[in-house]
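The values are calculated or read from the model by the stated rules, or taken from the named source; none is laboratory data. All values derive from a computational prediction rather than experimental measurement. Ideal geometry is used to build each Cβ from the backbone, glycine not excepted, and the neighbour counts take in all protein chains shown.
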Amino acid sequence: MIMSRGWRILAFAAVIRLLLLIAVPLEENDSPFTISAFNDERAHYNYITALAKTGEVPIQTHHFYQSHPRGVYDFEYYQPPLSYKLAAVFYNILPEPAKGLRAMRGFNIILGCLTLFTIGRVLMMCNPAWGWAGMGFLAVFASHARFSATVTNDNLLWLLTALTAYFGLRVIKTNEWGDRLGLTLCVSAAIWTKLSGTILLPALLFAMFISYRGRKFILRTAYSVLWAVICLVLAAPVFLTNIQRYGKAFPMETGLGPAYNILTGWSVKKIYLILNYITHSFYFPFENHWIGAVQAGVFLIMGIFTLIILYLALRRIKREWNIYPMEYKNQLTFLGLTLAAAVFGLLYMTARFHQSEARLTFTALPAVLLLLMIGLEELLGRRKWRLALAAVIFPAVPYLLFVI
């Protein structure tokens, strides 16, 4: 029964993503109320094909604002190579007629479904009802569905961060070497996938520190730092390559263009537009459908409702904190650290590069979903069917914009 329920959710999620694989055109367009490919999908695809054909990681020479306006899609080459190398292997084993951008979208759908399954397992470690409801939410969740059907390195990153959450919760509970190694390898692999994987290091340090319970404070600290060092040593080739090629360990300007202070010319309208964009990109990353008063009203209501849900979740955690077992407190703290780091990353990218897409917080997607499920349960009561139904209906609301 449990397995069949999980397979049904995965099958439903796969169908939504396959429909998007077909429906989203191969090229971007700016016509209102149409579906458009993301402006960087072709650049990710070119990275994969360059690796598949030459075996060499290409070198980036132009940032986004120099390349994209000219129709040149070469502005993702500065990214770490792990996701692209795996995709290149998949690309090379395909027969020649099957090679293409849609086939690589299919590869990303596989990663997306694995992420959904892994996050479900993470939430079930906290509460089985939250696990099933969270899987249902994620199956329908337009942002995850859209990116799962897109050629990007985000899908492997989110799978690895979900596995990081899984091993992090396990190592806090079991104190086993295998879980410590799994956690370390997942964080290192996340850095090999995208530089934002480095924000997981504080959570790794915390989990390792907790896992050595019973030892002296200095020894616990030393062990946790040692594991973090091992993680960074494994990821060191990424930083050394960046320094050699681009002069910086984190060459963000190489990909995104010159950094600037967003507070220059600060205004209430600018802050509103940023918050508006974050809400839209969290629930419905279909840019051409963000037009008109109806759409703005839908997202305003969803944003307010989301804040209410998060408030209810945090209020419940605070109210029940003293009755939680210490192990559960540590697990919640671990997930909280992933979320705090992800929010910090979003704020930094917004302030320095005007990159205010909500997907930047998806490195903490297990923590985000946990809060949403707790808040919904607090609002609706603890009947499982209510939570499951709301978890599917709420993220489905923006799809109505296709028919409005």
### Query
Looking at (1) out of contact with any Pro (no Cβ under 6 Å at 6 or more places or on another chain); (2) touching a residue at least 12 places away in the same chain (Cβ under 8 Å), which is the one condition that is false for residue 177?
(2)
### Message
Report every pair of residues separated by at least 6 positions or lying on different chains whose Cβ atoms are under 8 Å apart, first residue within the range 325-336 and more than 16 Å from residue 175 (Cα to Cα) and modelled with pLDDT of 95 or more, second exposed (fewer than 14 other Cβ atoms within 10 Å of the Cβ) and not β-branched (Val, Ile, Thr).
### Response
332/324
### Of all residues making up the range 76-117, the number that are assigned to a loop (DSSP other than H, G, I, E, B) and among the aliphatic types (A, V, I, L, M)
1
### Task
Just one of (1) under 22 Å from the mean Cα position of the chain (by Cα); (2) more than 20 Å from residue 147 (Cα to Cα) trips up residue 300, so point out which.
(1)
### Message
Test of understanding: among 386, 382, which residue is at pLDDT below 95, of a type in the set (D, E, K, R) and in a loop (DSSP other than H, G, I, E, B)?
### Response
382
### Query
Residues in the range 93-110 that are closer than 21 Å to residue 159 by Cβ and loosely packed, with under 15 Cβ neighbours inside 10 Å: how many?
2
### Message
Out of 194, 216, I need the residue that is touching an Asp or Glu at 6+ places or on another chain (Cβ under 9 Å) and not small (Gly, Ala, Ser). Which one?
### Response
194
### Query
Does at least one position in the range 268-277 carry a residue that is surrounded by fewer than 20 Cβ atoms within 10 Å (Cβ to Cβ) and at pLDDT 85 or above?
no
### Message
So for the range 150-159 (the condition being assigned to a helix (DSSP H, G or I) and without any contact (Cβ under 8 Å) to a residue 60 or more places away in the chain), does at least one residue qualify?
### Response
yes
### Message
Tell me yes or no: at least one residue of the range 150-168 is over 27 Å from residue 212 (Cβ atoms), touching an Asp or Glu at 6+ places or on another chain (Cβ under 6 Å), surrounded by 23 or more Cβ atoms within 10 Å (Cβ to Cβ) and not aliphatic (A, V, I, L, M).
### Response
yes
### Task
Filter the range 138-188 down to residues that are modelled with pLDDT of 95 or more and among the acidic types (Asp, Glu) and give me whichever is nearest to residue 10 (Cα to Cα).
154
### Query
From the set of residues in the range 54-91 that are surrounded by 14 or more Cβ atoms within 10 Å (Cβ to Cβ) and of a type in the set (S, T, N, Q), which is nearest to the chain's Cα centre (by Cα)?
83
### Summary
Picked from the range 307-335 (must be surrounded by 18 or more Cβ atoms within 10 Å (Cβ to Cβ) and not hydrophobic (A, V, I, L, M, F, W, C)), the residue nearest to residue 275 (Cα to Cα) is 331
### Close pairs from the range 194-218: first on the phi > 0 side of the Ramachandran plot, partner surrounded by fewer than 18 Cβ atoms within 10 Å (Cβ to Cβ), Cβ under 6 Å, at least 6 apart
none
### Summary
Of the residues in the range 23-46, those that are assigned to a helix (DSSP H, G or I) and in contact (Cβ under 8 Å) with a residue 24 or more places away in the chain come to 41, 42, 43, 44, 45, 46
#### Entry: Close pairs from the range 386-404: first under 23 Å from residue 10 (Cβ atoms), partner among the aromatic types (Phe, Trp, Tyr) and modelled with pLDDT under 90, Cβ under 7 Å, at least 6 apart
395/283; 398/283; 398/284
### Task
Run residue 343 past the list (1) out of contact with any His (no Cβ under 9 Å at 6 or more places or on another chain); (2) in a helix (DSSP H, G or I); (3) buried (at least 17 other Cβ atoms within 10 Å of the Cβ) and report the number of the one that doesn't hold.
(3)
### Task
Check every one of the helices (runs of 4 or more DSSP H) wholly within the range 193-294 and list those with 1 or more residues that are over 23 Å from the mean Cα position of the chain (by Cα).
201-211, 217-246, 268-283
### Query
Do you know which residues across the range 58-69 are under 14 Å from residue 81 (Cβ atoms) and either in contact (Cβ under 8 Å) with a residue 40 or more places away in the chain or part of a helix (DSSP H, G or I) (or both)?
59, 60
### Query
Looking at the range 118-148, which of its residues are surrounded by fewer than 24 Cβ atoms within 10 Å (Cβ to Cβ) and outside any helix (DSSP H, G or I)?
127
### Message
I'd like to verify a number: residues in the range 290-309 that are of a type in the set (A, V, I, L, M, F, W, C) and farther than 18 Å from residue 393 by Cβ, how many?
### Response
7
